[in-house]
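Undergrad: Quick one: structure below, then a few questions.
Since every read-out is calculated from the coordinates, none of them should be taken as a lab result. Remember, predicted model here, so these are calculated numbers, not experimental data.
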Amino acid sequence: MVFFIRHNPAVNETLQIQRGSDLYKIDSISADDGLPPDGFDLITCHRVVTKHG
């Protein structure tokens, strides 16, 4: 899953993203080289499996 967010230096790989009832672990963050605060970051994630079976 890929998310685009406004550039925020507080976002890092230790955080998780919740979308609806799904939880995602951040794999990587590609910061935009544009001028802040107009830049966007590309966040690549994978879904965290919380229930088995």
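Undergrad: Percent relative contact order of the chain, based on C-alpha pairs within less than 8 angstrom and at least six residues apart?
TA: Relative contact order, the chain: 43 percent.
Undergrad: Could you give the C-alpha radius of gyration of the chain expressed as a fraction of 2.2 N^0.38 Å, taking N as the number of residues it contains?
TA: In units of the 2.2 N^0.38 Å rule of thumb, it is 1.25.
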